[in-house]
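K.L.:
Shown below is the structure under consideration.
Laboratory data are not the source of any read-out in this text; all were calculated from the coordinates shown. Keep in mind the model is a prediction, meaning the values are calculated, not measured. Neighbour counts run over all protein chains shown; Cβ positions are idealised from the backbone, glycine included.
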Amino acid sequence: MKQDKFRNRILPLVDKLFRLALSITGNKQDAEDVVQDALFNVWKRKEEWDAIANLEGYCFRSTRNIALDKISLKENQQESLREYEGVPELKPNVQERLEQEEQIRMLENFIEKLAEKQRTIFRLREIEDLSYKQIAEIMNISEEQVKVNLFRARQKLKEFFNGIN
């Protein structure tokens with residue numbers, strides 16, 4: 001019974017958990033380790049699953065906490081998220097494609113300049129498409145704090161882009 005629940009409810013989250021871990025650690029190997037540790041921790045607490053109100057949120061929170069612990073222990077070299085997120089090539093023209101890749105690199109750099117909390121909330125909302133409530137549970141803050149941090153992150157990104165134009 002628990003194996004079915006793990007297979008059907010938790011394993012489908014692996015890609016999202018990986019992207020979250022990668023956005024925090026900036027390193028593919030570390031992100032894979034983080035996800036593995038998070039899944040192991042969730043499995044260890046299988047007897048408590050019925051008491052956990054939001055199992056998906058618990059998985060995201062566990063992944064985030066493990067990733068933050070990992071980066072606090074060592075310095076990482078940043079890898080391009082574009083490689084792992086599968087940015088589609090929308091334009092056949094080489095010049096346009098290069099411009100598109102440059103814009104993606106700039107956006108990645110701007111996102112990395114955000115404060116950790118804003119960066120995580122921005123990614124959870126804009127990339128993972130989680131609700132404010134889910135993000136609040138994952139981050140262990142109120143929905144209002146989520147909205148404020150998301151607003152500030154968007155404003156900061158807007159300032160970055162306006163500064164280069």
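K.L.:
If R0 is 35 Å, what FRET efficiency do you get for LYS2 and ASP69 from their C-beta distance, rounded to 0.05?
P.N.:
Efficiency, rounded to the nearest 0.05: 0.85.
K.L.:
Now for a different question. Provide Rg over Rh for the chain; use the alpha carbon set for both Rg and the Kirkwood Rh (inverse mean inverse pair distance).
P.N.:
With Rh from the inverse mean 1/r over Cα pairs, Rg/Rh is 1.01.
K.L.:
Grab the Cα-Cα distance for LYS113 and ASN162, subtract it from 0.36 nm times how many residues apart they are, and report the gain in nm with one decimal.
P.N.:
16.1 nm
K.L.:
Ok, one more. Identify, among LEU130, LEU68, ILE52, the residue whose Cα sits farthest towards the positive end of the charge dipole of the chain, taking +1 on the Cβ of Lys and Arg and -1 on the Cβ of Asp and Glu, with the dipole about the Cα centre.
P.N.:
Among LEU130, LEU68, ILE52, the one farthest towards the positive end of the dipole of the chain is ILE52.
K.L.:
What longest region of the chain stays clear of GluC sites (Glu not before Pro) that DSSP places outside H, G, I, E and B and that have at most 11 other Cβ atoms within 10 Å?
P.N.:
Looking at the chain, 90-165 is the longest stretch - no exposed GluC sites (Glu not before Pro) with at most 11 other Cβ atoms within 10 Å.
K.L.:
Listed here are the pairs LYS70/LYS117; LYS5/LYS44; LYS133/LYS156; LYS46/LYS133; which of them are more than 19 Å apart at the Cα?
P.N.:
Correct reply: LYS133/LYS156; LYS46/LYS133.
K.L.:
Of the peptides 117-123, 147-153, 20-26, how do they stack up when ordered by the mean number of other Cβ atoms within 10 Å, highest first?
P.N.:
Averaged packing, sorted descending, gives the order 20-26, 117-123, 147-153.
K.L.:
Sticking with this one: Taking the Cα-to-Cβ direction at ASN41 and at GLN29 and moving 7 Å from each Cα, how far apart do the two end points lie in nm?
P.N.:
Between ASN41 and GLN29, the simple spin-label model gives 2.2 nm.
K.L.:
Note down the magnitude of the dipole of the chain about its Cα centre, charges +1 on Lys and Arg C-beta and -1 on Asp and Glu C-beta and zero elsewhere, to the nearest 20 debye.
P.N.:
420 debye
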